[in-house]
Amino acid sequence: MNKKYKAIFFDWDGTAVMSRKAPVTDAVAAMKPLLEKGVKLAIVSGTTYENIAGGAIENYFTPKQLDNLYLGLGRGAYNYEFKEGKPYVFSHMIPEKELLGIIHRICFEIHLELKLKYDFDTDIVFSRPNYCKIDLMVDNNRGDNLFMQENELDMLKEKLKAHGIEGGLQALMDLSIEIAKKYDVEVAPTCDAKYLEVGISSKSNNANTIFAKLCEENPELEAKDCSFWGDEYVGIEDGIFGSDSFMYTEVTKKGDFFDVSNVTGERPEKVKVLGGGVDTFLKFLAEQ
Ligand SMILES: [Mg+2]
């Protein structure tokens, strides 16, 4: 790729590293020279700080390099920069306890509806800062590999059908929005083949907030100077795209979007499919 970007936004699990337990050596080695020469790097991940590079990514870089590193984490919840080598949340979307409680109620109601009406089992992870993860494939453990596996999409589709859930994933997203409306909350549900995630923010908030921050620092920066990388652009069905597609927003849409996953399926039109996984992304970084 000949084009040189001033800012690179990228997903972590499945894009920069194979799994959370995999060594970060290769990713760090590819990032360092870019940070050193002033290219802005933004890790945009659904996870939280503790799960990125053992919770201490700052230890891998010099304070000068860290000045060019940003993290947008927790599915829109937190945006970090570094000050004198230490992580610092410069913007967040953490709800007050009351609203967080309502999000939990909404997710529990989704779970109940699926259980009572369709005998469809789910588990809910409640411990996220501003959303819940509803596990739709309770009998399929991803193990250490947190990214979407090739056959998961088909497995989920079959399972939904077998339980009489018409309308597929869209029906689950609609159900989430509908239940949330009862509580006067506007939710931003997202899904891959295993998790339905229901909360008040998404990777869109991270992408927009960090992009705005970068523009503050460099008023000449434009979205077309940025690229956005992920391994979960593919949606489950028509019109529903994966969590990384949320980096594509009104604000960032003039950027370049790349998918390193080989999963077949529909992506937002703008996304270029490169495949090749982590290797593709790290090779791109090395050539920048
Ligand atoms: Mg990923």
Inter-label distance for Ala22 and Ala162, nm, one decimal - labels placed 7 Å from Cα along Cα-to-Cβ:
3.0 nm
Of the beta bridges DSSP finds with both residues in the chain, what % are antiparallel, to the nearest 5?
50 percent
Karplus ³J(HN,Hα) for region 248-261 (6.51 cos²θ - 1.76 cosθ + 1.60, θ = phi - 60°; Hz, whole; x = Gly/Pro) runs 7, 9, 3, 7, 9, 4, 7, x, 9, 10, 10, 10, 9, 8
So, for the Cα atoms of region 87-213, Rg and Dmax in Å stand at 15.4, 47
What ranking do 159-168, 197-206 get when scored by the average of other Cβ atoms within 10 Å per residue, highest first?
197-206, 159-168
Among the listed pairs Lys115/Lys157; Lys83/Lys254; Lys40/Lys224; Lys157/Lys283; Lys86/Lys253, which have their C-alpha atoms separated by more than 23 angstrom in this model?
Lys83/Lys254; Lys157/Lys283; Lys86/Lys253
Listed peptides 75-81, 60-66, 257-263 by packing density, highest first (mean Cβ within 10 Å)
75-81, 257-263, 60-66
Share of antiparallel DSSP beta bridges in region 133-288, in percent to the nearest 5?
45 percent
Between Lys97 and Glu287, Cβ-based FRET efficiency (R0 35 Å, step 0.05) works out to 0.15
Based on the alpha-carbon set only, what is the convex hull volume of the chain divided per residue, in Å³?
121 Å³
Net charge of Cβ neighbours under 12 Å - reference Val271; Lys, Arg +1; Asp, Glu -1:
-3
Can you list which of the DSSP-assigned H helices in the chain have a Cα extent of 24 Å or more along the long axis and an average Kyte-Doolittle score of at least -0.5?
97-118
Backbone N under 19 Å from the Asp184 label point (7 Å along Cα→Cβ), restricted to region 84-125:
95-107
Which parts of region 6-37 would a label at Asn59 reach, counting a residue when its backbone N lies under 18 Å from a point 7 Å out along Cα-to-Cβ?
20-29, 32
In square nanometres, what is one fourth of the surface area of the convex hull spanned by the alpha carbons of region 31-137?
7.9 nm²
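Every number in this text was worked out from the coordinates using simple rules, so none of it is lab data. All of these numbers come straight from a predicted model, not from anything done at the bench. FYI the Cβ positions are ideal-geometry reconstructions off the backbone, even for glycines, and counts take in every protein chain you see.
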